[in-house]
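All remarks here apply to the structure that follows.
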Amino acid sequence: MLLSIILPTYNESKNILPLISDIFKLDINYELELIIVDDNSTDGTPDLIKQLALKDKRVRLIRRIGRSGLASAIKEGLIGATGELAAVIDSDGQHEANAIVTAVKKLKNENLDLVSGSRFIGGAEIAGLSNRRAGGSSIANKFARFSLPEKYRHLTDYMSGCFAIKLNSCLPFIYKVDVNGFKFLYELLAISKGSICIDEIPLKFQPRTYGKSKLDIAIFWDFLISLLHTFSLRLLPRRAISFALVGASGVIVQLITTGSLMSMLQLTFEKALPISVITAATSNYLINNALTFRSQRLKNWSLAKGLMKFLLVASLPVIANVGLATTFYNLIASNAFIAQMSGILVVFVWNYAASSRFVWNTP
């Protein structure tokens, strides 16, 4: 039987070859297919894999240009796998290669669909996890457990990047995984709605030998969006949720700016509002560029041109925002907060749809 092992990589040139060597030394009764899915690394990782693939036909390289992300790399690797069984393992060396053997044995012996490695189950070791990351992962797992079907409540690590899987039973769900999601395993469980038979094995989570963790604020943002996406029964698009949260921050920016201009500079509401609306729109643009549309993130001159496009796209609703808020303030109620909220609510849908298409070129 053929076992396909998926290794998602980005700038892991010093870690990937030792990991592959460890995998080939495994005492496992399967033919192996290694699929390295690389997000166009800049440190020479693809060249190393190319050279290895020329010598060893068990190694395949998928080099991705113009698309990136851990969840999408795993999905692409699993869909391209030719084995009946597949395993996924991080390429940074923090997962022991032998975890693959343990996971596959449990998968077959207990007739499961998926076996994931856990950093938090009894018998696990987490030498490679700082107290800060361990605490953050623990909190994330508690929220994840609450958001998923009851059948999965026994699990302890929904954020695991190490698992073995039966492709014939799980491929229908794999195809549906949102590649913009927080973690592939979490997204797969959310989509499957309790249909997957899953259990865990303990992991020995080792310190990185080379490089730094790729954990950043965008990862935390993705987790928040994934939770809200699941709680909305996956009816609302992920990008719309992200755009709405950024818009909520823009509301705060606008309200604070208006209040500051009126109190500190003694501007009238009518004079302060246009400045605060443009300030909030600029804040929304920069945050959306960094988080909501980061796979199409604009940089340098393109960032400046994108801002001009964003403000142009938003100009009609900005005028509507100012006009509606001013009219409400003057004719209905002299309440700056309610007046501004009435304008903000009117323009949200237009801003999301138009800027997605014309600024970041996404449908």
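Since every read-out is calculated from the coordinates, none of them should be taken as a lab result. Only a predicted model underlies this, so the values are computations on that prediction, with no experimental measurement involved. Glycine gets a Cβ as well: all are built from the backbone with ideal geometry, and neighbour counts include every protein chain shown.
Under 5 Å between amide H atoms, partner at least 5 residues away or on a different chain: which partners does VAL37 have, H built in plane at 1.01 Å?
Those qualifying (amide H under 5 Å, at least 5 residues apart or on another chain) are LEU7, THR9, ILE62.
Determine the sum of side-chain charges near LEU26: Lys and Arg each +1, Asp and Glu each -1, restricted to other residues whose C-beta is under 14 angstrom from that of LEU26.
In short, -2.
Which whole-Hz couplings ³J(HN,Hα) result when phi for each residue of the range 149-157 is put into the Karplus expression 6.51 cos²θ - 1.76 cosθ + 1.60, θ = phi - 60°, listed in order with x for Gly and Pro?
With the stated coefficients, the range 149-157 comes to x, 4, 4, 9, 5, 6, 6, 10, 9 Hz.
Is the range 150-252 rounded, prolate or oblate when judged by the Cα gyration tensor, a ≥ b ≥ c being the square roots of its eigenvalues, rounded requiring a/c under 1.5 and prolate requiring a/b larger than b/c?
oblate
Once phi is turned into θ = phi - 60°, what whole-Hz ³J(HN,Hα) does the Karplus curve with 6.51, -1.76 and 1.60 give for every residue of the range 63-74, x standing for Gly and Pro?
Here the 3J(HN,Hα) series is 9, 9, 10, x, 8, 7, x, 5, 4, 5, 5, 5 Hz.
Cα extents of the range 2-231 along the three principal axes, largest first, in whole Å?
Taking max minus min along each principal axis of the Cα atoms, the range 2-231 gives 47, 38, 34 Å.
Run the simple label-point estimate for SER315 and GLU125 please: 7 Å along Cα→C-beta, distance reported in nm.
6.4 nm
Could you compute the FRET efficiency for TRP301 and SER169, with r as their C-beta to C-beta distance and R0 at 51 Å, rounded to 0.05?
0.55
Taking a quarter of the surface of the Cα convex hull of the range 215-289, what do you get in nm²?
So the Cα hull casts an average projection of 6.0 nm².
What ranking do ARG64, ARG153 get, fewest neighbouring Cβ atoms within 10 angstrom at the top?
Ordered from fewest to most neighbouring Cβ atoms within 10 Å, ARG64, ARG153 come out as ARG153, ARG64.
Using a cut-off of 10 Å between beta-carbons, work out the net charge of the residues near GLY306 (Lys and Arg +1, Asp and Glu -1, GLY306 not included).
Net charge in that neighbourhood comes out at +4.
Can you tell me the order of 251-264, 107-120 when each peptide is scored by its average per-residue count of other Cβ atoms within 10 angstrom, highest first?
107-120, 251-264
If you take the square roots of the eigenvalues of the alpha-carbon gyration tensor of the range 43-99 and sort them as a ≥ b ≥ c, do you get rounded (a/c under 1.5), prolate (a/b over b/c) or oblate?
Rounded.
Which residue, chosen from ASN40, LEU61, LEU17, occupies the Cα position most advanced towards the positive end of the dipole of the range 2-231, where the dipole is computed from +1 (Lys, Arg) and -1 (Asp, Glu) charges on Cβ about the Cα centre?
My answer, from the dipole projection, is ASN40.
Which distance in nm do the two modelled labels at MET1 and ARG153 give, with both placed 7 Å along the Cα-to-Cβ direction?
The answer from the label model is 3.2 nm.
Using a 10 Å cut-off on Cβ atoms, rank the peptides 185-193, 285-293, 26-34 from the highest mean neighbour count down.
Order by mean packing, descending: 185-193, 285-293, 26-34.
How do 269-282, 5-18, 299-312 rank on mean C-beta neighbours within 10 Å, highest first?
5-18, 269-282, 299-312
May I ask you to derive the FRET efficiency for LYS108 and ALA244 from their Cβ-Cβ distance with R0 = 56 Å, giving the value to the nearest 0.05?
E(calc), rounded to 0.05, equals 0.80.
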